[in-house]
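A short write-up of the structure that comes next.
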Amino acid sequence: MRGHVNKQKNIWYEFHLEDRIRADHPLRAIKKLADAELARLNDRFNAAYSAFGAPSIPPETLIKATLLMALYSIRSERQLCEDIELNMLYRWFLDLKPDEKVFDHSTFAQNRDRFADNGLIQAFYDGTVAKAISGMAASDEHFSVDGTLIQSMASLKSFRPKDDPKDPPKGGASKTSEPETQVRDNNGWADFKGQKRSNATHDSKTDSEARLYRKGRGREAKLYHTAHVLMENRNGLMMAVEVGPADGHEERRATIRMLKHVKRRHHFLPKTLGQDAGYKGEGHAQDLRKLGIAQHIAGLKGRKPRGWTASQRCRKRIEQLFGWAKEVANAARTRFIGRWKTKLYLLAAGATYNLLRMANLGLTA
């Protein structure tokens, strides 16, 4: 017998969101770990908000919503809010009722400064690292480090001479900085042939912190920032994250900052550090020796220190972290103006990756 569509609408529905999520769903373990860490940060949340006025969107909700962005490759905060409106799984993860109104996407921008000033995302990220260390999921002896390029959201058309006005007049080239034969379209300079451009003479009028950089000989130059990750070698968890300028020297500086952060926050330093050949330099080697860390660098000739081969083999796993961050968490090209905003998102993405790995390893809250 053929069934027919029942177009009669019910006046009342009664169900429990918990019953709609299957018992073995991967988000269950991640939610437990995330909720436990957010509960630990309760006092910091209280200190970041006033005791008076209208209630805000809970910071726990905004942080967990950012985790969903990274986990499910959601391209923007606007799209995220639309998906939460329709997806019961997302509502369950965020502890929203089925009929509860979803917050506006502008809430993220309104709270970003507060989160940065009070170190809330950094504290949440560090909490995931501390949980991995206490659960014996992370090594405290052998680390690896590497950097990658994050493309700026600014267009190459915004990369103009430093003395050029930010918004040049329409209908022709600037009389002071560019030749009159320069072709301009409605969005800025369109033809760069014959021009010599460098970070010394030009900057982006959209993203002033972006730097013109090329990945290698024969490759096109683009506007980039750099992202850096300190990884432990046992299970490939992210121990620290940094964002800096694409100037060819930031890798060494960021490494020392990340190591000092681990020492300050988790009270230890690794015994060895695996690095690629780009970290060569006596100054950097001396900095590591002062910290009591043995440098295991690629391309080393002659007698190699104990454990060098294992360090170089484990070091390659860091590319998996970058691949996940760029392809899954959509961090290949930043959506933000300001490196500090990009770092906030990468910290949230790094915390998401750590929670996912710990859940897969069977670590419980």
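Within region 91-129, the residues that satisfy the criterion of being of a type in the set (Phe, Trp, Tyr) and either assigned to a helix (DSSP H, G or I) or at pLDDT below 95 (or both) are Trp92, Phe93, Phe108, Phe115, Phe124, Tyr125. For Lys97, the conditions (1) surrounded by fewer than 13 Cβ atoms within 10 Å (Cβ to Cβ); (2) within 21 Å of the chain's Cα centre (by Cα); (3) among the basic types (Lys, Arg) all hold with the exception of (2). Within region 246-262, which residues are outside any helix (DSSP H, G or I), in contact (Cβ under 8 Å) with a residue 40 or more places away in the chain and either among the basic types (Lys, Arg) or open to solvent by 10 Å² or more (accessible area, probe 1.4 Å) (or both)? Passing the criteria: only Asp247. Applying a threshold of 7 Å to beta carbon distances and a minimum spacing of six or more residues, or different chains, the list of pairs starting in region 52-80 at a residue that is on the phi < 0 side of the Ramachandran plot and assigned to a loop (DSSP other than H, G, I, E, B) and ending at one that is open to solvent by less than 10 Å² (accessible area, probe 1.4 Å) and aliphatic (A, V, I, L, M) reads Ile74/Leu68; Ile74/Leu80.
Among Arg91, Arg22, Arg114, Arg28, which is surrounded by fewer than 17 Cβ atoms within 10 Å (Cβ to Cβ) and in contact (Cβ under 8 Å) with a residue 24 or more places away in the chain? After ruling out the rest, the residue left standing is Arg114. Hey, does region 328-344 have a residue that's open to solvent by 60 Å² or more (accessible area, probe 1.4 Å), of a type in the set (A, V, I, L, M) and not in a helix (DSSP H, G or I)? Yes, that holds for at least one residue. Take the conditions (1) of a type outside the set (Ser, Thr, Tyr); (2) surrounded by fewer than 16 Cβ atoms within 10 Å (Cβ to Cβ); (3) closer than 15 Å to Asn354 by Cβ; Ile63 misses just one of them, which is (2). Within region 263-277, if we keep just the residues that are without any contact (Cβ under 8 Å) to a residue 40 or more places away in the chain and open to solvent by less than 60 Å² (accessible area, probe 1.4 Å), the residue that is nearest to Lys316 (Cα to Cα) turns out to be Ala277.
Could you please give the count of residues in region 152-211 that are touching a helix residue (DSSP H, G or I) at 6+ places or on another chain (Cβ under 6 Å) and either outside any loop (DSSP other than H, G, I, E, B) or modelled with pLDDT of 90 or more (or both)? Reasoning before the result, please.
To start, the set of residues in region 152-211 that are touching a helix residue (DSSP H, G or I) at 6+ places or on another chain (Cβ under 6 Å) comprises 187-189, 204-206, 209.
Now drop any that are not either outside any loop (DSSP other than H, G, I, E, B) or modelled with pLDDT of 90 or more (or both), which leaves 188-189, 204-206, 209.
Residues meeting the conditions: 6.
For region 303-313, the criterion of being crowded, with 17+ Cβ neighbours inside 10 Å, under 30 Å from Ser155 (Cα atoms) and among the small types (Gly, Ala, Ser) is met by no residue. Looking only at region 206-241, which residues are farther than 12 Å from Ile150 by Cα and surrounded by 20 or more Cβ atoms within 10 Å (Cβ to Cβ)? Matches in region 206-241: Asp207, Val229, Leu230, Met231, Glu232, Asn233, Leu237, Met238, Met239, Ala240, Val241.
The values are calculated or read from the model by the stated rules, or taken from the named source; none is laboratory data. Please read all numbers here as calculations on a predicted model, not as lab measurements. Don't worry about glycine lacking a Cβ; one is built from the backbone with ideal geometry, like all the others, and counts go over all protein chains shown. Surface areas here come from the heavy atoms of the whole protein model, side chains and all, with no ligands, DNA or RNA. Shrake-Rupley method; radii C 1.70, N 1.55, O 1.52, S 1.80 Å.
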